[in-house]
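Laboratory data are not the source of any read-out in this text; all were calculated from the coordinates shown. Note that the structure is predicted; figures quoted are calculated from it, not measured. Backbone-built Cβ (ideal geometry, glycine too); neighbour counts: all protein chains shown.
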Amino acid sequence: MSKAAPLHQKFWTANVWLLVFFMVSAAVFGYFRFVYGFGSVTNLNPSYPMGIWIAFDVACGVALAAGGFTTCLVVEIFGRQKYHALLRPALLTAFIGYMLVAMAVMFDLGRWYYIWHTLVYWNGNSVLFEVAWCVMLYLNVLAIENLPNVIDQYKGRVNLPGPLAAFNNSTDSFLGSAEKILRRVGVFFVIAGVVLSFGHQSSLGTMMLIAPYKLHELWMTAWSPLLFLLSAMSVGLPMVIFEGTLATYFFNRKSELPLLADLARIIPIFLGAFLLLRFSDLIYRGALAEVLSGSRQDNAFLVEIAFFCVPFVLLFVRKVRENGTGLFLCALSIICGVVAYRFNVFLIGMDMGGGWEYFPSVGEFAVTFGFLAFGVFLYKLAVNYLPILEDH
Amino acid sequence: MAMDRRKFFKVAAAGCGTAACAVATPAFASEKAKLVGADGYGMLQDSVRCIGCKACQSACKQVNKLDPDSSLNENYYDSPRELSENTYTLIKMHQDEKGEATFVKKQCMHCIDPACQSACLVGALTKQQNGAVSWDGDKCMGCRYCMVACPYNVPQFQWKEAIPDISKCTLCEETRLKKNLPTGCSSACPAGAISFGKRDELLKIAKERIAAGPELYLDHIYGETEVGGTNVLYLTKKQVAFATIGLPKFGYKAPPRLTEGIQHGVFKYFIPPVAIYAALGGIMAFTNRKNKQEQEGGSDE
């Protein structure tokens, strides 16, 4: 098996400056949000108190970071070692994804400096309490799972700059003992990561069930938690394919297509389970009766379902799987499906009453794009200086 | 972590079974919920009696020291259109085809089993023994999940503040109840349209009014059972349905019963997560052993 190595390419390319531009513009809007309140930046209102910072940055962010635990499940737990090369990048993007979720939550909390209250004041009845704790614990698990990247790169050659050099020896011995401990107990964190993911991925699906009179019947079902979990598992591997393809393109690397095409055979198992439960539930509850009515919710539902169903069928075709563009578009479609699903549950399917409408402001978009750019920035930083990507 | 195949299947089956049961019986935990404050104070608001003078509205602003909400582009008059961070209660008017006006007072319903209390992850919103649902600014993180959860869209957020509060009717808990005074709005009402008292007494009064004037009142007390019951109750005119004056036809089950049922089912005594953990560990041990055997070239499978 070939070994992962840092890319060591030129870091400050034109694309990176573009990322910096998005990050800076987000920071400018962030300044107004923190100093002058939400009203100065967002279109949030009494009926729509949660906007894209929750629907996209948090709900979609968590779902799209599912590549980490899904790949863990396939490679480590079900022992499909041939996909091992995909594990490190998947865990890295999951870690970055969850960091961004945590930062987005800080942005969205009115009293952000009280975020530590989650640790102290417990309400075990709250769905959000479960989500917050699982995300918090999983972020730590992901940090531990990403530690080997740092250990492999720096153990035995820690060389901190300037006065920090005094800590060279202690840092090195920390890395050494961390490696020894991880070799023994790493497996417990692997499983814990999957269980924690099951927990909060599903609980995100329970969140909006607290408002049964607002959520449209297409999404208002007690099976919502299981549907959220299955859709997150369905999007995990497509995210690996999506990121793998983009990394190949932007870093001029050898194509991983054969491996990715092989991996794609697993997607229909998760996606099929999701679609089976989704349609069984909808038909059982008779929620599909008016689906062609043309209302905003019904149309949003049709778009969501199309994004799931088309790649589900196409991924059975070998020619599509083994064609780079075809595979990429299938993965992208499933990603769009999950994004649509989360938006439908958190925003579009919520009839909040009170005569208010909501569409995100420029500032809200800017902050969301800023977070995305920051994520890509961190990814490039990591693959450039840490052994994440493997050559085949 | 060596485990033979038969044992592994047992663990996996048990794990899946427990998880399935936990998910399939979401209503299980609902009966055990302890409800406080159902016998606490509340208000009965009578749309047959209300004359729409808005004395309650100004009394509320006075008691709670709230700024005026102007919808007329000037700052002299208080003319709120909806609840806001400066308006805990307001009178709304409904006019029927014949032009007859019916007034209804909007405010926090002080639910017996509040969705906001269940939603708040730090427990900043709690139902008190005295009947009020109160907000604790020392705990609140400003996540606004309570605003999503409230079926009546009551909690409000200070959109223009760097450090915002959640604001809503307090049932004058701190300002008046503690001094043995009734709520500001009920004291101000000149028409006797707002009765203050214990919830069971208010229900009795409401039933008496309906019995005494069956030609005036609709035979339904809103809030007696809606969303699990509320401490603020409503009466309406015989010909004016509650739904037309902003009190929708909600079910009798409190919204938290569904979500809490699911949550407590999935985490029952931590059995499901531990079972899933064990099952995954079992699968992992099994596949690891198989992989190792295949690598060594000798397999007894």
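If the segment from residue A:179 to residue A:35 were pulled out straight at 0.36 nm per residue, it would be longer than the present Cα-Cα gap by 47.5 nm.
By the rule of a C-alpha distance below 17 Å, with chain neighbours fewer than 8 residues away ignored, the aspartates and glutamates paired with residue A:155 are A:145, A:172, A:179. When chain A is treated as a Gaussian network with alpha carbon springs shorter than 10 Å, the biggest mean-square fluctuation among A:89, A:49, A:238 belongs to A:49. The simple spin-label model puts a point 7 Å past each Cα toward its Cβ; for residue A:292 and residue B:271 those points are separated by 4.7 nm.
Sequentially through the range B:118-129, phi angles give Karplus couplings (6.51, -1.76, 1.60; θ = phi - 60°) of 5, 6, 5, 6, 9, x, 7, 10, 9, 7, 8, 4 Hz, Gly and Pro residues having no value and appearing as x. The helix-only estimate of mean residue ellipticity at 222 nm for chain B, built from DSSP H runs of length n ≥ 4 each weighted as -39500 (n - 2.57), is -10000 deg cm²/dmol after division by the residue total. With contributions of -39500 (n - 2.57) from each DSSP H run of at least four residues, the per-residue ellipticity at 222 nm computed over chain A stands at -21500 deg cm²/dmol. Which residue fluctuates the most in chain A, going by a Gaussian network model with Cα springs under 10 Å, if the choices are A:190, A:35, A:291? Of A:190, A:35, A:291, the Gaussian network model singles out A:35 as fluctuating most. Peptides B:109-121, B:272-284, B:91-103, A:155-167, ordered by how many other C-beta atoms sit within 10 Å of their residues on average, highest first, read B:109-121, B:272-284, B:91-103, A:155-167.
Using Cα atoms only, what is the angle between the long axis of helix A:168-207 and the major principal axis of chain A, expressed in degrees (0 to 90) to the nearest 10? Helix A:168-207 sits roughly 10 degrees off the main axis of chain A. Taking chymotrypsin sites (Phe, Trp or Tyr not before Pro) across the range A:304-336, the ones in a DSSP loop with at most 14 further Cβ atoms lying within 10 angstrom of their Cβ are A:316.
Inter-chain neighbour count for A:43-53: the average number of beta-carbon atoms from partner chains within 10 Å of each residue's beta-carbon is 4.
For the Cα atoms of chain A, what angle does the longest principal axis make with the long axis of helix A:267-285, in degrees from 0 to 90, nearest 10? Here the helix axis deviates by roughly 20 degrees. Helix A:324-343 axis versus longest C-alpha principal axis of chain A: approximately 60°, rounded to the nearest ten.
Using a cut-off of 25 Å between Cα atoms, the listed pairs B:179/B:207; B:106/B:207; B:178/B:249 include B:179/B:207; B:178/B:249 as exceeding that distance.
Each label was represented as a point 7 Å from its Cα along the Cα-to-Cβ direction; for residue B:208 and residue A:170 these points are 7.6 nm apart.
Mind giving me the FRET efficiency for residue A:18 and residue B:36? R0 is 41 Å, r the Cβ-Cβ distance, nearest 0.05 is fine. It comes to 0.15. With the simple spin-label model, which puts each label point 7 Å out from Cα in the Cβ direction, the residue B:244 to residue A:9 separation comes to 6.8 nm. Which net charge results for the neighbourhood of residue B:120, defined as the other residues with beta-carbon distances under 11 angstrom from its beta-carbon, given Lys and Arg at +1 and Asp and Glu at -1? Around residue B:120, the charge tally is +1.
Counting only other chain Cβ atoms within 10 Å of each residue's Cβ, the peptide A:188-199 averages 4. Cross-link pairs exceeding 19 Å between alpha carbons, from the set B:54/B:204; A:214/B:127; B:105/B:238; B:54/B:127; B:127/B:198: B:54/B:204; A:214/B:127; B:54/B:127.
Each Lys or Arg adds one and each Asp or Glu subtracts one; over the other residues with Cβ under 9 Å from the Cβ of residue B:140, this totals -1. For residue A:213, neighbours were defined as the other residues whose beta-carbon sits under 12 Å from its Cβ, and their charges (Lys and Arg +1, Asp and Glu -1) total 0. The mean count of C-beta atoms from other chains within 10 Å of the C-beta of residues in B:113-124, rounded to a whole number, is 6.
Restricting the trypsin sites (Lys or Arg not before Pro) of the range A:1-77 to loop positions (DSSP other than H, G, I, E, B) with no more than 12 neighbouring Cβ atoms within 10 Å leaves A:3, A:10. For GluC sites (Glu not before Pro), the sites in the range B:193-254 that DSSP calls loop and that have at most 12 other Cβ atoms within 10 Å are B:215.
Here the Gaussian network model covers chain B, with springs between Cα atoms less than 10 Å apart; of B:195, B:47, B:70, B:70 fluctuates the most.
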